[in-house]
Amino acid sequence: TDLTPLKDIYEDYFLIGNAVSMTEMEGQRLDLLRHHHNLVTAENAMKPEYAYDSSRSFNFNDQQRLVDRIQEEGFYLHGHVLVWHQQSPEWLHTVDGQLLSREEALENMYTHIEETIIHYGDDVIAWEVVNEAMNDNPRDPENWRDMLRRSDWYDAIGDDYLELAYRKAREVLDENGWEEVKLYYNDYNDDNQSKSRAIYYMVQEINETYAEENPGELLIDGVGMQGHYNASTIADNVRQSIERFRELGVEIGVTELDITSRSSGELSEEEELAQALLYAELFAIYKEHADVISRVTFWGLNDATSWRSENNPLLFDENLQAKQAYYAVADPE
Ligand code: XIL
């Protein structure tokens with residue numbers, strides 16, 4: 001491929017990442033991945049669902065094969081994800097349709113966090129400890145506890161499950177001397193202002209409480225903006241969310257970027273240009289905030305294999321050829 005590598009274009013700004021499975025670790029897909037990226041996230045492999053065998057014992061064999069390949073290729077690895085309401089074994093918090101007690105659910109959550117963090121150690125540069133804990137369109141963002149998603153984790157443990165998850169993760173990192181591994185909170189609809197406000201108040205309060213006992217230290221190091229956008233997304237809303245999050249004194253990661261087009265199937269020229277324009281607007285904003293933005297990760301290599309493939313959201317087409325979106329990201333100004 002003779003395109004300028006995105007990782008070189010953004011070398012002085014932030015890491016450029018992509019979501020991977022074993023399929024990206026060979027052939028043309030690996031070539032494209034290596035050419036443009038220096039960071040990867042496992043698209044699925046490191047989710048709680050895949051950490052156990054059928055007898056509920058930890059088994060990281062498959063994931064480890066992927067991680068070995070990632071390391072052989074020299075990519076940084078962003079850890080996704082420890083506590084989530086999806087792709088996570090139900091038995092962690094529920095038995096026979098009944099929620100476990102707070103103590104039992106907490107014990108399972110702690111064990112999952114501890115064993116997983118210990119397994120990967122400093123092979124990851126960050127963990128998304130909690131994913132998607134906030135409701136959409138929270139009506140009273142300041143009152144963030146009441147705006148949390150009523151997930152099974154929330155119902156079994158209570159509104160402090162997040163804070164407890166981060167404290168556990170921090171403790172395990174500290175005990176093992178992995179202080180450089182960052183802890184992220186990650187969520188979508190990050191361009192929605194009431195949702196980004198609620199996340200802001202949540203991170204602020206959790207970090208303030210922690211800093212009272214540990215002056216000058218962060219519990220949550222970073223906010224992950226998934227960045228699953230669409231043709232109606234307004235770049236200025238993304239800018240406002242970034243400006244808000246940076247006030248927290250945390251780093252910001254764009255963790256799962258893609259932009260769906262309005263219609264499905266093959267893109268019209270007009271739609272391809274509109275998508276490219278939004279990518280350009282976003283990267284212009286990311287560059288302005290590069291002092292706090294640590295990484296920008298695309299959620300997939302090309303349209304054909306994207307989780308939202310019907311709406312062609314990525315930079316490369318089904319033949320791995322660059323779309324207008326690639327050129328927009330390469331030169332957003
Ligand atoms: C998606 C994957 O891309 C799909 O392959 C899988 O079937 C479902 O999950 N938010 C997240 C990601 O945090 O883990 C999701 O990834 C997309 C939405």
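Just so you know, all these numbers are worked out from the coordinates, no wet-lab data involved. All figures in this text were calculated on a predicted structure; none of them were measured in a lab. Don't worry about glycine lacking a Cβ; one is built from the backbone with ideal geometry, like all the others, and counts go over all protein chains shown.
Points worth noting:
- For the stretch 6-330, lysine pairs separated by 8 or more sequence positions, or belonging to different chains, with Cα-Cα distances below 26 Å total 12.
- Its Cα centre serving as origin, the stretch 225-298 has a Cβ charge dipole (Lys and Arg +1, Asp and Glu -1) of approximately 320 debye.
- Between helix 61-72 and the chain: long-axis angle, C-alpha atoms, 0 to 90°, nearest 10: 50 degrees
- For K323, residues with placed amide H under 5 Å, excluding near neighbours: F316, D317
- Rounded tilt (10° steps) of 235-246 against the dominant C-alpha axis of the chain: 40 degrees
- Between 0 and 90 degrees, the angle of helix 193-213 with respect to the longest Cα principal axis of the chain falls at about 50 degrees.
- When the P(r) is computed for the chain, the part past 35 Å accounts for 19% of the Cα-Cα pairs.
- With one equal scatterer per alpha carbon and no solvent term, the Debye-computed log10 I(q)/I(0) for the stretch 1-120 at 0.18 1/Å reads -0.93.
- Amide H partners (placed H, <5 Å) of G224, local residues excluded: Y185, N186, D187, G253
- Residue exposure sequence - D12, D136 - by fewest surrounding Cβ within 10 Å: D12, D136
- Per-residue ellipticity at 222 nm computed for the chain from its helices equals -12000 deg cm²/dmol, with DSSP H segments shorter than 4 residues left out and the rest contributing -39,500 (n - 2.57).
- With θ taken as phi - 60° and the Karplus curve 6.51 cos²θ - 1.76 cosθ + 1.60 applied, the whole-hertz 3J(HN,Hα) list for the stretch 17-27 is x, 8, 8, 9, 10, 4, 4, 8, 9, 8, x Hz, x standing for glycine and proline.
- Separation between Cα centres of the stretch 150-202 and the stretch 270-333, rounded to whole Å: 27 Å
- Around S194: net Lys/Arg minus Asp/Glu count, Cβ-Cβ under 12 Å: -1
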